[in-house]
Amino acid sequence: MLFRPDTSFFRRSLKQRQLKKQVVQNSLPSLLFNIFFVVTAGIYIALSVQRITPAINFPFWQLFIYAVILVGVVYLFKYGILKFIGWVFKVTKLADNYIFLIFLVNKILAILLLPLIIIIALTGKPANTIAWTLSGC
């Protein structure tokens, strides 16, 4: 029998089910990555607010705490609304799959933003400008 690449590579639903089962079985790493996303997004938002409005008199750590609380509340609200909509329209499996995919994208986004945040926070003007441009993309 010949090897068919479409059986192993193009079966996204099978890969997605296996990945979802692994994430469900390992709930602590998933929770820690969600917290990591909230913290990373909070740092990014605090740095953005400091850059866009330099006249704000709040210290960075206060902006960071407010941003983390804001992102956390939005994250929990989004999760609750999606679960509620899935329950109301009786599409809980579809809602759970959508929640899984959206939160997976958020976790990957946190990993990708971390080096840019480090560059933004610790470098001078030329590298800082490049990092802001990349993060905007």
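The values are calculated or read from the model by the stated rules, or taken from the named source; none is laboratory data. Small disclaimer: the values here were computed from a predicted structure and weren't measured. Ideal geometry is used to build each Cβ from the backbone, glycine not excepted, and the neighbour counts take in all protein chains shown. To get the accessible areas, we keep the full protein, side chains included, count just its heavy atoms, and leave off ligands, DNA and RNA. Shrake-Rupley method; radii C 1.70, N 1.55, O 1.52, S 1.80 Å.
Values for this structure:
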item	result
Solvent-accessible area of Val39 with every protein chain in place, 1.4 Å probe, in Å² to the nearest 10	50 Å²
Globularity index of the range 23-137, i.e. its alpha-carbon radius of gyration over 2.2 N^0.38 Å	1.24
Contact order normalised by residue count of the range 32-107, Cα under 8 Å, 6+ apart, percent	36 percent
Cα gyration tensor of the range 76-137 - equivalent ellipsoid semi-axes, whole Å, descending	37, 9, 8
Accessible surface, 1.4 Å probe, highest first, among residues Val68, Val88	Val88, Val68
Accessible surface ranking that places the most exposed of Thr53, Thr133 first, with a 1.4 angstrom probe	Thr133, Thr53
Residue-normalised accessible area of the range 44-136, given per residue in Å² at a 1.4 Å probe	69 Å²
Pairwise label distance in nanometres, Phe89 with Leu122, each label 7 Å out on the Cα-Cβ vector	4.5 nm
Accessible-area value, Tyr66, 1.4 Å probe, nucleic acids and ligands omitted, Å²	120 Å²
